[in-house]
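The next block holds one structure in the form of structure tokens; read it before the comments.
The values are calculated or read from the model by the stated rules, or taken from the named source; none is laboratory data. Just so it is clear, the model here is predicted, and its values are computed rather than measured. Heads up, the Cβs are rebuilt from the backbone with ideal geometry, glycines too, and the neighbour counts pull from every protein chain shown. With ligands, DNA and RNA removed, areas are computed over all heavy atoms of the protein, side chains included. Shrake-Rupley method; radii C 1.70, N 1.55, O 1.52, S 1.80 Å.
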Amino acid sequence: MIHPIVIHPDPVLHDISTPVPQVTEATRTLLDDMLETMYDAQGRGLAAVQIGVLQRVVVVDIDWKDGASNPLLLVNPEIVWSSDTMAKREELCLSIPNVPTEVNRPDRVRVRYLDRMGAPQEIDADGMLAMVLQHEVDHLNGLLILDRLEEQK
Ligand SMILES: [Zn+2]
């Protein structure tokens, strides 16, 4: 089911999302809905808060626009390591339509999460995937790219 996307400056975007205690059928439905909503909105990543659900759930697919769909579904994602090397990239956010913003972030990260079946996983990411994962984890902590901008000034 496609959900409407919460748009800045809706205050819910600054709320902190709650960890999912257990991955259930309801979690899987949420993940499926989020993926459908993200594709519909032409995005590469979506956090549950962006459809008004304050749970630590994220979907990412950086490849689908190039014809190679590779969805990554993450419950309770946590950045457990990040590189000292930084990279500045232009980011877009479905909650802040049409405002590309340059953000400086670690170039590589390791993320720990639960998959669709609730099994613990780890992923090492660099480049665009590292950027999108950090962007989505920021959402779970109530942070938008606009807040990162303030931080850099
Ligand atoms: Zn965003």
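To put it simply, the accessible area of the chain at a 1.4 Å probe is 51 percent carbon and sulfur. Summed over the residues of the chain and divided among them, the accessible surface reaches 51 Å² per residue at a probe radius of 1.4 Å. Between A48, V80, L143, the Cα set farthest toward the positive side of the dipole of region 11-152 (charges on each charged residue's Cβ, about the Cα centre) is that of V80. Specify the inter-centroid distance of region 79-153 and region 1-55, based on alpha-carbon positions, in whole Å. So the two Cα centres are separated by 16 Å. Rounded to the nearest 20, the size of the Cβ-charge dipole of the chain about its Cα centre is 160 debye, with Lys and Arg at +1 and Asp and Glu at -1. Positive end of the dipole of region 11-152 (Cβ unit charges, origin at the Cα centre): among S69, V132, T29, the Cα lying farthest that way belongs to T29. Calculated mean residue ellipticity at 222 nm for the chain: -8000 deg cm²/dmol, from DSSP H runs with n ≥ 4 weighted as -39500 (n - 2.57), summed, divided by the residue count and rounded to 500.
Build a GNM of the chain with springs between Cα atoms under 10 Å apart, and of D33, D138, D63 the one that fluctuates most is D63. Per the Debye calculation on the chain with a single equal scatterer at every Cα and no solvent contribution, log₁₀ I(q)/I(0) for q = 0.09, 0.12, 0.21 Å⁻¹ amounts to -0.25, -0.45, -1.54.
Considering only D84, D107, D126, the mean-square fluctuation computed in a Gaussian network model of the chain, springs between alpha carbons under 10 angstrom, is largest for D84.
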